[in-house]
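This report refers to the structure that appears directly beneath it.
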Amino acid sequence: MNWRAIGCGTLAIVVFLAVGLYGMSKAFDRAEGCPARLQWGDRAYLPAGSPAVEPSFADGSPVEIGSTFIGLTTRKVWGPPGSAPSQASADRPNRIFLDCADGRLQAYQAQSSPP
């Protein structure tokens with residue numbers, strides 16, 4: 001029996017588990033709250049105002065237009081009335097609301113128009 005091989009194998013398992021648990025803890029840290037910057041596809045959005053309980057647009061009630069991943073969770077994205085889900089960034093509205101997973105919704109404004 002080679003004790004050096006057993007010791008190295010045990011150390012490798014411990015390091016592998018420690019790195020995995022650390023990575024999972026960092027991913028779960030972002031499970032709630034509103035991010036400071038939202039990357040949705042190839043468009044970047046910055047927060048506009050503070051989180052609210054109900055989203056509102058001047059035109060009327062928002063509609064669900066898709067979702068995005070934040071950490072290990074999926075968050076709903078809401079757009080202005082008349083908007084529809086789209087994979088093309090040119091079809092996405094400039095102002096959206098994101099579900100913050102804590103009962104609030106944050107408004108976001110597109111950082112720049114797509115190419």
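The table for this structure:
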| item | result |
| --- | --- |
| Shape category assigned to the stretch 47-110 from the gyration tensor of Cα positions, a/c cut at 1.5 | oblate |
| Solvent-accessible area, 1.4 Å probe, carbon plus sulfur percent, for the chain | 60 percent |
| Percentage relative contact order, the chain, counting C-alpha pairs under 8 Å, at least six apart | 27 percent |
| With Cα atoms, 0 to 90° folded angle of helix 3-29 axis to the chain main axis | 10 degrees |
| For the chain, cysteines whose Cβ has no other cysteine Cβ within reach (under 4.7 Å) | 8 |
| Reported label for calculated log10 I(q)/I(0) by the Debye sum over Cα atoms at q = 0.10, 0.15, 0.23 Å⁻¹ given (i) -0.35, -0.74, -1.34; (ii) -0.44, -0.70, -1.10; (iii) -0.41, -0.68, -1.28 | (iii) |
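The values are calculated or read from the model by the stated rules, or taken from the named source; none is laboratory data. It should be emphasised that the depicted structure is a prediction, and the values quoted were computed from it without experimental measurement. Note that we place each Cβ from the backbone using ideal geometry, even for glycine, and neighbour counts take in every protein chain shown. Only protein heavy atoms, including side chains, enter the accessible area calculation; ligands, DNA and RNA are left aside. Shrake-Rupley method; radii C 1.70, N 1.55, O 1.52, S 1.80 Å.
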